[in-house]
1. Examine the range 107-127 for a residue that is among the small types (Gly, Ala, Ser) and buried (at least 16 other Cβ atoms within 10 Å of the Cβ), and state whether such a residue exists.
2. Of the numbered conditions (1) surrounded by 14 or more Cβ atoms within 10 Å (Cβ to Cβ); (2) more than 20 Å from residue 192 (Cβ to Cβ), residue 98 satisfies every one except a single condition; which is it?
3. Which number in (1) modelled with pLDDT of 90 or more; (2) among the small types (Gly, Ala, Ser); (3) within 16 Å of the ligand (Cβ to nearest atom) marks the one condition that residue 138 misses?
4. Give the residues of the range 306-318 that are part of a loop (DSSP other than H, G, I, E, B) and more than 10 Å from residue 341 (Cα to Cα), sorted by residue number.
5. If you check residue 118 against the conditions, is it in a helix (DSSP H, G or I) and either under 29 Å from residue 210 (Cβ atoms) or touching a Ser or Thr at 6+ places or on another chain (Cβ under 7 Å) (or both)?
6. Restricting attention to helices (runs of 4 or more DSSP H) lying wholly within the range 328-421, give those where 2 or more residues are modelled with pLDDT of 95 or more and among the aromatic types (Phe, Trp, Tyr).
7. Which ones in the range 173-183 are surrounded by fewer than 24 Cβ atoms within 10 Å (Cβ to Cβ) and either in a loop (DSSP other than H, G, I, E, B) or away from the ligand (no atom under 16 Å from the Cβ) (or both)?
Amino acid sequence: MTTDTTAADAVAREDAAVSDAQANAVSDDGIEKLPLQASDTAARAAVAADHGKRDLVGLSREELGAAMAELGEKPFRVKQVWQWIYNKGVTDFDSMTNLSKPLREKLDAHFVIRRPSLPVEQTSEDGTRKWLMRFADGKEAETVYIPDVDEPRGSVCISSQVGCTLTCKFCHTGTQLLVRNLSAAEIVSQFMVARDSYGEWPSPTDESRRLSNIVMMGMGEPLYNYDNVVKALKILVDGDGIALSRRRITLSTSGVVPEMYRLGNDINVNLAVSLHAATDEIRNRIMPINKKYPLAELMKACREYPNVSNARRITFEYVMLKDVNDSDADARALAKLVEGIPCKFNLIPFNPWPGSQFECSSWNRIRKFSDLLYDLGFSAPIRMPRGRDILAACGQLKSESERERKSLMKARLAAGIPDEH
Ligand code: SF4
């Protein structure tokens, strides 16, 4: 078989796998997910890649305890190993110096501490940094660090799925097929790779963290991967490890109402909602999920989200689409819609992409919309696009770089150059 054929076969196989996953993931209404086994497949691929050893990243404390017990180790070892992995950030057992040598060797014989491989790391002119993470089965997702403009800290934007089922009409990421859910290990390790990149180990105190916040706003709808996302968040907030405060984590959902209630009870991180319209008529048009969970249900879930207060408001994200959702009447309808909910708006200038059916509202219109919401009593800052030069802006994740990579691959194939992937 020639190299060209091998590479072309790899593309064909990838495409077939994507179509299969998509066919399995989307129901008749085009918006619902079915349980995906794909993260199990990924876990099997990871075990195979590590010669049968089990990855300790992504295990809950109970699971780690069970794994250690199988080796005949006492429960207090769990905290020690947990601290080495999540507080010190080590990736090999030999560095665990408060464990005896025989125990380190035993751990090394059975376990690994994995990181995704990093085919690409890019830093933007404005300091935004993006990583393309490749997981054990070759699937990829992107993670972005967005530095604060005024302070020496910033947010890490984490993906929850490879692709997305939801097809929000303004979102470029939504034009990709859903490939699979990410496992808890893959979600946690995105943050750990970011910490590796900035050398932020051991875990600093809250005040001195550079990677101070997490936003679950990357690729995918996190609440359609509920169990893995919540498991990962519980690892991230654990006080013996990464120890990030729940108040520094924000999960953004397109409005998966039943899971919003569960999230409030299970972990109660900050909530952001991709709202983008003040009426069902407009929201149905641009966000198909609204047909399943219309605005009245969504607003009820927001009102009932635990511990929401003026000090801990819900963020409503609102992309500014010219002549679609940007009139003064829309702003007034929005204010009425969210009445009584401690909240703020985040106005996002639409980032056009080839083939999109929308244009961004004019700057004047966005300013006027923002001013009107302020006059009506709401904070409504305009989010300035970050990391545009490295395609890290909102809704651009993976789609543009995927396109670039595919065209590069085609060019390499045409030139008879073996593809490095
Ligand atoms: S906005 Fe979020 S939920 Fe909607 S298609 Fe894009 S990634 Fe999916």
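The values are calculated or read from the model by the stated rules, or taken from the named source; none is laboratory data. Predicted model only: the values in this text are computed from it and were never measured. Quick reminder, even Gly has a Cβ in these numbers, built from the backbone with ideal geometry, and neighbours come from all protein chains shown.
1. Within the range 107-127 (the criterion being among the small types (Gly, Ala, Ser) and buried (at least 16 other Cβ atoms within 10 Å of the Cβ)), the answer is yes, since at least one residue qualifies.
2. (1)
3. Failing condition for residue 138: (3).
4. Answer for the range 306-318, where residues must be part of a loop (DSSP other than H, G, I, E, B) and more than 10 Å from residue 341 (Cα to Cα): 306, 307, 311.
5. The answer is no for residue 118.
6. Here the list reads 363-375.
7. Across the range 173-183, the qualifying residues are 176, 177.
Yes/no per residue for (1) polar (S, T, N, Q); (2) modelled with pLDDT of 95 or more; (3) farther than 19 Å from residue 391 by Cα; (4) assigned by TED's automatic domain parsing to the domain that holds residue 235:
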position: 122; (1), (2), (3), (4): yes, no, no, yes
position: 149; (1), (2), (3), (4): no, no, no, yes
position: 167; (1), (2), (3), (4): yes, no, yes, yes
position: 184; (1), (2), (3), (4): no, yes, yes, yes
position: 189; (1), (2), (3), (4): yes, yes, yes, yes
